[in-house]
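The values are calculated or read from the model by the stated rules, or taken from the named source; none is laboratory data. It should be emphasised that the depicted structure is a prediction, and the values quoted were computed from it without experimental measurement. Note that we place each Cβ from the backbone using ideal geometry, even for glycine, and neighbour counts take in every protein chain shown.
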Amino acid sequence: MRILLAPMEGLLDHILRDMLTRVGGIDLCVTEFVRVSGTLLPHRTFERIAPELLHASHTPAGVPVRVQLLGSDPVCLAENAARLAELNPCGIDLNFGCPAKTVNRHKGGAILLREPELMYRIISAVRAAVPAEMPVTAKMRLGYEDTSTALACAAAIESAGAAEVVVHARTKVDGYKPPAYWEWIATIREQVSIPVVANGEIWTVEDFHRCREVSGCEDVMLGRGIVADPGLALKIRGEAAPDWMALRPIFELFWQKVQASVQPAHQAGRIKQWLNYMRRAIPHAEAAFAELRQISNPDEFARQFFANYERY
């Protein structure tokens, strides 16, 4: 069994990947997407999204990182994949799942699920452009408006040479509304021979077991669930997970890294964003968020948060 950490634009960046992999239980990370649209990107663009590339494509905790590309032009994606491959990522992932309107409007992400033949050309071109030993993978949803193209898309991904596919068990129109249709992942598994990774609505250990039972997948990808409960991967493995007090060093390091790389106006927002997710699983985070949500000055926020941490 493998547990993968999901790409989540605007949330799961390299700082949070670092924190969650330090907590433990994660086998592989996939970055937020690098948008590819008409130009050959310099190395620094990939390194900005994935600074792990400067450290053998691993997080500080030693977890391998794949870099995700998003776009719709097979030639441009292939050229940028070849440029990215010069930095030796642990793999290249292709985004066929992003539901954002701005992304879909520019023919990226989930809207490509309307065109399985284009998906095939994209993956084939990228696969041919990078070294044979470098994994090329894909992440898809069940479709755009509906599931009518789900099996064709999965077949295109396989026949184009992808090493595995992550299936987020909702359509673009479904967004992030529950439920996730894990039974569709089982149907896709029956149609393809490459590994299939289940994704969507895994918030608890019980969700994990139900997802595996319904989907038949050995491997899962965690997103919002592990942001809400940083110890979720450890709990799934039956290992001890850190409580609120044990998470304090993680928050302290997170704050240091936010201060080093985020503009002051947005620093408090970053930790409030994480606390807001954690409210779902951790009552202490609920108390901290309720007390601190109105504070935007980063120095004042940090002073109050860490001074009162034990009280929350």
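Go through (1) in contact (Cβ under 8 Å) with a residue 60 or more places away in the chain; (2) in a helix (DSSP H, G or I); (3) surrounded by 21 or more Cβ atoms within 10 Å (Cβ to Cβ) and name the single condition Phe46 misses. Looking at each condition in turn, Phe46 falls short on (1). Restricting to segment 1-36, what's the tally of residues that are over 27 Å from Pro195 (Cβ atoms) and in contact with a strand residue (DSSP E or B) (Cβ under 9 Å, 6 or more places away or on another chain)? Of the residues in segment 1-36, 1 are over 27 Å from Pro195 (Cβ atoms) and in contact with a strand residue (DSSP E or B) (Cβ under 9 Å, 6 or more places away or on another chain).
For segment 265-289, a residue qualifies if it is among the hydrophobic types (A, V, I, L, M, F, W, C) and under 18 Å from Met245 (Cα atoms), and the qualifying residues are Ile271, Trp274, Leu275, Met278, Ala281, Ile282, Ala285, Ala287, Ala288, Phe289. Of the helices (runs of 4 or more DSSP H) lying entirely inside segment 205-257, those containing at least 3 residues that are more than 18 Å from the chain's Cα centre (by Cα), surrounded by fewer than 20 Cβ atoms within 10 Å (Cβ to Cβ) and not assigned by TED's automatic domain parsing to the domain that holds Met278 span 205-215. When the residues of segment 17-43 are filtered to those that are of a type in the set (Val, Ile, Thr) and part of a helix (DSSP H, G or I), which remaining residue is surrounded by the most Cβ atoms within 10 Å (Cβ to Cβ)? Per the criteria, the residue is Thr21. Just one of the listed residues (Gly10, Gly62) is modelled with pLDDT under 95 and within 23 Å of Pro230 (Cα to Cα), and it is Gly10. Counting only residues that are of a type outside the set (Val, Ile, Thr) and touching a strand residue (DSSP E or B) at 6+ places or on another chain (Cβ under 8 Å), segment 112-129 holds 4 of them. For segment 279-297, the tally of residues that are in a loop (DSSP other than H, G, I, E, B) and of a type outside the set (Ser, Thr, Tyr) stands at 8.
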